[in-house]
Number of protein chains: 2
Amino acid sequence: MSKMIQLRDGPEAFREIETPALVLDRRILERNLARMGHHLRRLGVALRPHAKTAKSIDVLRLALAGQPGGITVSTLREAEYFFGQGVQDILYAVGIAPVKMAHAAALIRRGCRLSLILDSPEAISILQQASAREQVQFPVLIELDVDGHRAGVQPDSAALLELARAISGGSGVELRGVMTHAGDSYQCRSQSQLRAMAERERAGAVLAATRLRTAGHAAPVVSVGSTPTATFATDLSGVTEVRVGVYMFNDLVMAGLGVCAIADIALSVLVSVIGHQAERGWIITDGGWMALSRDRGTSSQPVDQGYGIVLDVEGSVSPDDLVVVSTNQEHGIVARRDGKPLPLTRYPVGSSLRILPNHACATAAQHSCYHVIDSDRFESVATWRRVNGW
Amino acid sequence: MSKMIQLRDGPEAFREIETPALVLDRRILERNLARMGHHLRRLGVALRPHAKTAKSIDVLRLALAGQPGGITVSTLREAEYFFGQGVQDILYAVGIAPVKMAHAAALIRRGCRLSLILDSPEAISILQQASAREQVQFPVLIELDVDGHRAGVQPDSAALLELARAISGGSGVELRGVMTHAGDSYQCRSQSQLRAMAERERAGAVLAATRLRTAGHAAPVVSVGSTPTATFATDLSGVTEVRVGVYMFNDLVMAGLGVCAIADIALSVLVSVIGHQAERGWIITDGGWMALSRDRGTSSQPVDQGYGIVLDVEGSVSPDDLVVVSTNQEHGIVARRDGKPLPLTRYPVGSSLRILPNHACATAAQHSCYHVIDSDRFESVATWRRVNGW
């Protein structure tokens, strides 16, 4: 059977899937989960998987194998969904707002061990007022800023101890420890920078916890995490848990950072070729930014992958070195990376391609479910739902 | 009541909405719809609104007032949904793929007047084979390329007449005319360029239809459209319908093109302030790229609006000239455009802000519904659902 015919017909698994569609390769997923699980076990630290990438109980169940069972979420909707699926211990790792307190309190009343995070005296007041109104206790972690990336107080700041005093001086809020996320690790450009960032994340969190304990506060939880720092950490002494999410699927940004190989990317978008522009060497597909997301995370990396690398339908990188060079809402334009002419007969109208995502969190968020395949046998295994929105 | 207190408490309409949330101002929407409706009536051409921006029957019903009733869609899921809501005449304005033919045929069998588009002999074969298999006729428009932007055949090409001959030479496919979309109008940088692009779109479509008719083919439909070209068109002679979608909501990209004013943007994202980084002059909100989208469409315009312009909760542009300077998944960083220090006490933790979107289609797609308000009375009017996905 010629290559062209394979591309046109596609494997059985894809015959019935209307494109564009999100494809998850379970073999690669399981390999990624095993690698991170093994690495963190070797470092003697628990894994609290971040659900924000997968947003699927099916994926999280696999990620939780051999772990304590707690997860991290980025929305209360995720908390609601995963609690409904039997997950009891949930860290909501985004600062809280007054308008969400009734929802958070309702989860706690129903038995969810929901922890919140904060980094300001105003947030403590919001929680204390909500506690009085809702008659629940809110366990919290103080958010730390270890890299100037986003939110949090400095681990060595007076503000850290002031927050702890304000919490213990009032009622309704229970201090459980500290958390941080070295988001700036995405800007690292070498393994030594990544190792240094991992140590900075660990050292900042441990310093803050130590200062709290020295001042007489309880800080049983020392929580850190980002996929790049977790991958390159060589010592996590003093850390009690690591929060990671992207490692499950990986993506081109992670590959660009050296966190994974292209072959470790479990997620792709199945698209159909719907036309050609022969003079320009373009393949037009039905995979636009709606299906791929607008994320251009590799544009600031040494190798810009456009809107994604093109695979054939069986998952092999196209021999023509194709990338998605531009997108509209429901159209993707695929061309050779070097701009040279393309043998379009290899990619006939009606054939299928798969696109590897720049950013797994962003691409997956454009879809309501995963079409799960098994790369070795290449059969459709299952459809797994996602919980999107707020 | 001081400005600060207004910001903290927010109007009644927003007290119960968990952030981030999509807000649609019905007064502005109605004004935008009236303006385009009036303009196209004056030019003597029908409006076939594009549902891809709003994806809501409530919005489309308003847009269809006084029009023939046909709509444009970007997915078969939209077609399915709007047909279920009573819309009979639907143009699916994205090239078809074999894997979608059963779905398209099922809609036609149920009575939907679904038209498809094509620009290749391969697509004609796909439709003819599907027609034989599914026992339905497929009405089609030939897609034209008037601006080198994406798909389509040249209006003056031999390929145009070859396609028409291939359609009439076989069975199962009925030629209804031509369509084009001058997507490159988004790159125009002056009103004269926009007027010229509108005329290029019109002239190309009319030339193609005339050539088809001269060669003995039926071409009753001459369909053009993009919000920028429709807005600046001064003559649409020979055109039978205009397809536009973004004009309903408008956005910062449209404002940057001169298509609308900032005050004409009907869509915004309601967010909560969840923290500050005083030293950096940052307000941290819960409106990240998941709520705003990753679209950075203004980055190539003369004024880069970051991830969006910041309004107070009542809809006035912030006096501090704030923009969303960066985003993570569920975090937005708001700062002064000029980078100068910010009076953070004006934006306390727990207060609400609204963010105007770069690209209405992309931002709205991140949400499952609209929280509809009425800007004059500032009351919550309704919740309107969207139909996302494929």
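The values are calculated or read from the model by the stated rules, or taken from the named source; none is laboratory data. Nothing here was measured: the structure is a model prediction, and the numbers come from that model. Please note: Cβ atoms are built from the backbone with ideal geometry, for glycine as well, and neighbour counts cover all protein chains shown. These accessible areas exclude ligands, DNA and RNA; they are computed on the full protein's heavy atoms, side chains included. Shrake-Rupley method; radii C 1.70, N 1.55, O 1.52, S 1.80 Å.
Among the residues of segment B:35-62 satisfying the criterion of being small (G, A, S) and open to solvent by 10 Å² or more (accessible area, probe 1.4 Å), which is nearest to B:H371 (Cα to Cα)? Among residues in segment B:35-62 that are small (G, A, S) and open to solvent by 10 Å² or more (accessible area, probe 1.4 Å), the one nearest to B:H371 (Cα to Cα) is B:A46.
Could you look through segment B:293-306, keep only residues that are within 11 Å of another protein chain (Cβ to nearest Cβ) and open to solvent by 10 Å² or more (accessible area, probe 1.4 Å), and pick out the one that is farthest from B:Q366 (Cα to Cα)?
Out of the qualifying residues, it is B:S299.
State which residue is farthest from the other protein chains (Cβ to nearest Cβ) when the search covers only segment B:333-363 and only residues that are closer than 28 Å to B:T75 by Cβ and open to solvent by less than 10 Å² (accessible area, probe 1.4 Å).
So the residue we want is B:L356.
Selection of segment A:68-89 for residues being in contact with an Asp or Glu (Cβ under 8 Å, 6 or more places away or on another chain) and either open to solvent by 40 Å² or more (accessible area, probe 1.4 Å) or not in a helix (DSSP H, G or I) (or both) yields A:P68, A:G69, A:G70, A:I71, A:S74, A:T75.
For segment A:146-254, the helices (runs of 4 or more DSSP H) that sit wholly inside it and include 2 or more residues that are surrounded by 24 or more Cβ atoms within 10 Å (Cβ to Cβ), of a type in the set (D, E, K, R) and at pLDDT 95 or above are A:191-214. Taking each residue of segment B:109-138 that is over 26 Å from B:Q154 (Cβ atoms) and in a strand (DSSP E or B) and looking for partners that are modelled with pLDDT of 95 or more and open to solvent by 20 Å² or more (accessible area, probe 1.4 Å) with beta-carbon atoms closer than 6 Å, six or more apart or interchain, yields B:R113/B:Q88; B:R113/B:D89; B:L114/B:I108. Of the candidates A:L160, A:L144, A:L114, A:L118, the single residue that is closer than 30 Å to A:Q193 by Cα, under 25 Å from the mean Cα position of the chain (by Cα) and away from chain B (no Cβ under 12 Å) is A:L144.
Residues in segment B:53-67 that are in contact (Cβ under 8 Å) with a residue 60 or more places away in the chain and assigned to a loop (DSSP other than H, G, I, E, B) were compared, and the one that is farthest from B:A93 (Cα to Cα) is B:S56.
Looking only at segment A:130-144, residues that are of a type in the set (D, E, K, R) and surrounded by fewer than 22 Cβ atoms within 10 Å (Cβ to Cβ) come to 2 in all.
Would you mind stating whether A:E18 is within 14 Å of chain B (Cβ to nearest Cβ), open to solvent by 20 Å² or more (accessible area, probe 1.4 Å) and either more than 19 Å from A:H367 (Cβ to Cβ) or touching a Lys or Arg at 6+ places or on another chain (Cβ under 8 Å) (or both)?
Values: within 14 Å of chain B (Cβ to nearest Cβ): yes; open to solvent by 20 Å² or more (accessible area, probe 1.4 Å): yes; either more than 19 Å from A:H367 (Cβ to Cβ) or touching a Lys or Arg at 6+ places or on another chain (Cβ under 8 Å) (or both): yes.
Spelling it out, A:E18 is indeed within 14 Å of chain B (Cβ to nearest Cβ), open to solvent by 20 Å² or more (accessible area, probe 1.4 Å) and either more than 19 Å from A:H367 (Cβ to Cβ) or touching a Lys or Arg at 6+ places or on another chain (Cβ under 8 Å) (or both).
Can you find even one residue in segment B:90-99 that is modelled with pLDDT of 95 or more, open to solvent by less than 10 Å² (accessible area, probe 1.4 Å), more than 9 Å from every other protein chain (Cβ to nearest Cβ) and farther than 23 Å from A:W289 by Cβ? No - not one qualifying residue is present in segment B:90-99. Of everything in segment B:314-331 that is part of a strand (DSSP E or B) and more than 15 Å from A:D184 (Cα to Cα), the residue that is modelled with the lowest pLDDT is B:V317.
Among the residues of segment A:364-390, those identified as in a strand (DSSP E or B) and within 14 Å of chain B (Cβ to nearest Cβ) are A:C369, A:Y370, A:H371, A:S380, A:T383, A:R385.
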